[in-house]
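A.B. asks: Quick one: the structure is below, questions incoming.
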Amino acid sequence: MAERKNEKYIVSELKGFPEMSAEAATSYSEWAKRILFLNDKVVPGAYNMMFSWYLKPPTKVLEAHTHDNPEIIIFLGSNPDDPYDLGGEIEFWLEDERYDLTRSCFIWVPRGMKHCPMVIKRVDRPIIHLGSSVRPGYTV
């Protein structure tokens with residue numbers, strides 16, 4: 001059966017994520033599960049979006065960095081009876097300010113703003129993580 005003309009806009013499996021070393025991929029899989037990824041290599045013209053579940057605190061901290069584009073970082077709890085309860089605790093830095101996140105949230109990171117470190121301190125239930133930036137590729 002021929003592919004429908006707009007089928008390419010529906011991404012329902014993990015593909016196209018930037019190459020990681022075997023060591024980095026193994027380390028990531030010990031504390032998180034990457035679910036979906038989107039960029040212009042997956043769907044031409046698409047901007048960057050990634051979706052993961054955080055399952056337990058990692059041993060490595062995501063270090064401070066900046067981007068040449070704005071970014072939206074989303075953390076969502078997975079309790080349907082209290083969707084605002086993050087089900088864990090994440091220490092997140094915006095420039096020189098520390099935030100201890102325990103509730104579902106969106107974080108808007110303006111272009112060039114230093115953000116992180118990010119320390120996942122506690123995971124009681126899976127934490128849904130989405131990150132998005134209006135750019136075609138992904139870099140840390």
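A.B. asks: For the stretch 1-27, which positions are touching a residue at least 12 places away in the same chain (Cβ under 8 Å) and either in contact with a Pro (Cβ under 9 Å, 6 or more places away or on another chain) or outside any loop (DSSP other than H, G, I, E, B) (or both)?
C.D. replies: Lys8, Tyr9, Ser27
A.B. asks: Taking the stretch 75-112 as the search range and keeping residues that are under 17 Å from the mean Cα position of the chain (by Cα), of a type outside the set (Lys, Arg) and surrounded by fewer than 15 Cβ atoms within 10 Å (Cβ to Cβ), which one is farthest from Met49 (Cα to Cα)?
C.D. replies: In this case the residue turns out to be Pro110.
A.B. asks: Shifting gears a bit: Quick one: would you say Gly112 is among the small types (Gly, Ala, Ser), touching a Gly at 6+ places or on another chain (Cβ under 6 Å) and over 23 Å from Ala25 (Cβ atoms)?
C.D. replies: It is false that Gly112 is among the small types (Gly, Ala, Ser), touching a Gly at 6+ places or on another chain (Cβ under 6 Å) and over 23 Å from Ala25 (Cβ atoms).
A.B. asks: Related question: Please go through the stretch 19-41 and pick out each residue that is polar (S, T, N, Q) and surrounded by 11 or more Cβ atoms within 10 Å (Cβ to Cβ).
C.D. replies: Listed by number, the residues that qualify are Ser27, Ser29, Asn39.
A.B. asks: So for the stretch 2-19 (the condition being over 18 Å from the mean Cα position of the chain (by Cα), of a type in the set (Phe, Trp, Tyr) and modelled with pLDDT of 90 or more), does at least one residue qualify? Before you say what the answer is, go through the steps one by one.
C.D. replies: Start the filter on the stretch 2-19 by keeping residues that are over 18 Å from the mean Cα position of the chain (by Cα), which leaves 2-10.
If we keep only those that are of a type in the set (Phe, Trp, Tyr) too, we end up with 9.
Checking which are modelled with pLDDT of 90 or more leaves us with 9.
Within the stretch 2-19, one or more residues are over 18 Å from the mean Cα position of the chain (by Cα), of a type in the set (Phe, Trp, Tyr) and modelled with pLDDT of 90 or more.
A.B. asks: How about the stretch 108-118: which of its residues are touching a residue at least 40 places away in the same chain (Cβ under 8 Å) and over 20 Å from Ser78 (Cβ atoms)?
C.D. replies: Val109, Pro110, Arg111, Gly112, Met113, Lys114, His115, Cys116, Pro117
A.B. asks: With respect to Asp68, is the statement that it is under 23 Å from Pro117 (Cα atoms), in contact with a strand residue (DSSP E or B) (Cβ under 8 Å, 6 or more places away or on another chain) and of a type outside the set (A, V, I, L, M) true?
C.D. replies: Judged against the criteria, Asp68 is not a match.
The values are calculated or read from the model by the stated rules, or taken from the named source; none is laboratory data. Quick caveat: nothing in here was measured; it's all calculated off a predicted structure. Neighbour counts are summed over all protein chains in view; Cβ atoms, including those assigned to glycine, are modelled from backbone coordinates with ideal geometry.
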